[in-house]
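These notes concern the structure reproduced below.
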Amino acid sequence: MNNKKEDLDQIEPFEEGFNVRTIIAALFIGFIMLPGAIYLSLVSGTGIGAAAPWVTVILFIEITKRSFIKLKKQEIYIIFIIAGGLISAGAVMGASGLVISGGIFGSQIWDQYFRQSPYAEAFGLRDIIPNWVAPPADSAALFKRTFFHRDWLIPLVVLIIHQILFQLNSISLGYTMFRFTSDIEKLPFPLARVGAEGCLALAETSGKKEGWRWRIFTIGAMIGVIFGAFRVGIPTFTGLFMTKPLMLIPIPWVDWTSQLGTFLPSAMLGCMTDLGIMFAGFVIPFWVVCGTFIGSMLSKLVINPICYHKEIIHNWRPGMTVIPTSITTGLDLWLSVTIGVGVVVGLIGVWKVVSIFIKKRGEKVERVSLPPGRGDMPIWAGVGIWFLSTTAYVVLCHILVPGFPVWIFCIFGYVATPFLSYISARMFGITGSVTGITFPMVKEGSFILSGYKGAAIWFAPVPYFNHGFMAQGFKQLELTRTKFTSYYKAVAVSFIIMAFCSFLFWSLIWRMGPIPSAAYPFVHKMWPLYAIGKALWASAMLGEGIPWILGAIRFNLIFIGALGGGVIYILLSLLHLPIGLFYGLVGGVSMLPHNAIPLFIGALLSRYFFSRRFGEKTWRSYTPILLAGYGCGVGLIGMAAVALALIAKTVSQLIF
């Protein structure tokens, strides 16, 4: 029966998913959900999470059912993508790691704050930050807290150009990575079915056919609602009238690092309190999770204390919790090691692709058969769009920062971005997620070593990206039999709507009062810390620089990381062990035990309890839908909490 269903899925035609209904959904997301995302980001530092896509889809399904309209799964998935874009829409403030939800104009709010902050003045940055970043600190635009001022014209133009180029760069390179990893390498993409199966479950109920998918989705949603009520709902509700919110479940984790450090220096141990991580262990291949658990526990509990006693880790101090311990051990050891391991993973991926081409060449080079009607473009077109957008980035950065070496922009755009994207795409294809293989502080280190003097480069839109996640997005389009052209149209329309709504609501909220302020607890507490970090980096090349950053990159540790990764891969291959074990080990090196432990518990429950109870094939078909349902349930609670907080804030402002 399952094989027959798979055959039917293969011959099912691809259909258009973009139409008037999806445009209405985008308007709903922009005008109804975006304000909640902004508020939650300012108050708690988090976005809406899983609420945006699932609440939107469920709402539209219920509306269309009462209008006797059935939504196709392709329409449902396009709506899901548009809503999911709200989660990722925001800004990441470079080395500081600050993430701002609520659309593209959140970055401008941060820029205006940073330029006016006392930290920018203390480090000598206030007067040398370029005016294409934010208006001068004495500008009337900042005093009046408005975007409707001529001093904002150039910063907003640069922002829009950057966002358009980023979309072109992301889609074109992401599509190219999908063609390599899915069509050529035939990687499984285990987590791609989570969103796809969830949408299929909702498509069933849209047609008033509540089949097994909907039942499993509902079970997962109820688990998410109950758990989310305790983890998210109670703290939000009690925080409205209590000085300190009541947390029955610690957020985000239970941490034993400081206690463990008394007898295992620099070791880390704890456990995330998010049930969704355990559910993810149901979906990710078992041997990948095993490797992740082994790699995480070995690196954080065994190697860290050994390296501390060998004085390789020398910045750790007793009493540190997990975050400062992770930072210090990362700078002293794992920053360099993961660079070396990442190079090995990338080289393995390149070698596999080359070997596939060589093999097919020996077999008279049969072309990869593409599914008819999928909406594919030639690979040369994808590469061409990526190349042109990258070139535009290089030109833009050279115009904004004319004194910086152009060849470094070229290395980032033409070499580092596709290399890192391919590594990540393969990790998505094999493990289901990118488990931490990045090149941390490579960009920052390059800036410092470039010989450039000034601060402008730290604010420039340098084309150093990781688009590997897009490969999984295209895989989900394929699984839902949605034409790729539908996605391109949805991105274009939703970008226009989101940009307008982001501008509108950030303008209104900023006009209501300064950001940060005591009205927004998270940003009031955390933005000064991020500003200090940003100021340290941005002022690094004004004088002598910061030697501890240069000392953090150690070529002997990079070599050890590369050698160790290569030896482990060869050893596992000779022993004919699952290749997923290697990628799990590699990812586990960069993963905290706090995440690895619940992930491993979920994998054990899946393999040794649920699979035996329901049967291997049946349980495997349940798991992605269960995870999607759980995300929906937690998201519903999150949206309810945001609505309650917004109402309470509005009422308090009316009264006082």
(request) Starting from the Cα-Cα distance between residue 453 and residue 226, subtract it from 0.36 nm times their residue separation and give me the gain in nm to one decimal. (result) 76.2 nm
(message) Would segment 375-435 count as rounded, prolate or oblate if I go by the C-alpha gyration tensor, calling it rounded below 1.5 in a/c and otherwise prolate when a/b exceeds b/c, oblate otherwise?
(response) oblate
(request) Sort the following peptides by mean Cβ neighbour count (other Cβ atoms within 10 Å, averaged over residues), highest first: 217-226, 148-157, 290-299, 387-396. (result) 290-299, 217-226, 387-396, 148-157
(request) Hey, can you grab everything whose amide H is under 5 Å from the amide H of residue 253? Only 5+ residues off in sequence or another chain; H modelled, so Pro and N-termini drop out. (result) 273
(message) Sort 120-129, 489-498 by packing, meaning the average of other beta carbons within 10 Å per residue, with the highest value first.
(response) 489-498, 120-129
(request) Compute log10 of I(q)/I(0) for segment 451-521 with the Debye formula, placing one identical point scatterer on every Cα and leaving out solvent, at q = 0.11, 0.13, 0.18, 0.20 Å⁻¹, to two decimals. (result) -0.61, -0.78, -0.96, -0.97
(request) Quick one: net charge around residue 338, please, counting Lys, Arg +1 and Asp, Glu -1 for every other residue with C-beta under 14 Å from its C-beta. (result) +1
(message) Distance cut-off 24 Å, Cα to Cα: go down the list 300/443; 300/534; 443/475; 70/483 and report the pairs above it.
(response) 300/443; 300/534; 443/475
(request) Give, as a single signed number, the net charge of other residues whose beta carbon lies under 15 Å from the beta carbon of residue 557, with Lys and Arg counted +1 and Asp and Glu -1. (result) 0
(message) Highest mean first, how do 581-588, 18-25 rank when packing is the count of other Cβ atoms within 10 Å averaged over residues?
(response) 581-588, 18-25
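Each reported figure results from applying straightforward, stated rules to the coordinates on display, with no laboratory input. No experiment lies behind these values; they were computed from the predicted model shown. Using ideal geometry, Cβ is built from the backbone for each residue, glycine included, and neighbour counts are taken over all protein chains shown.
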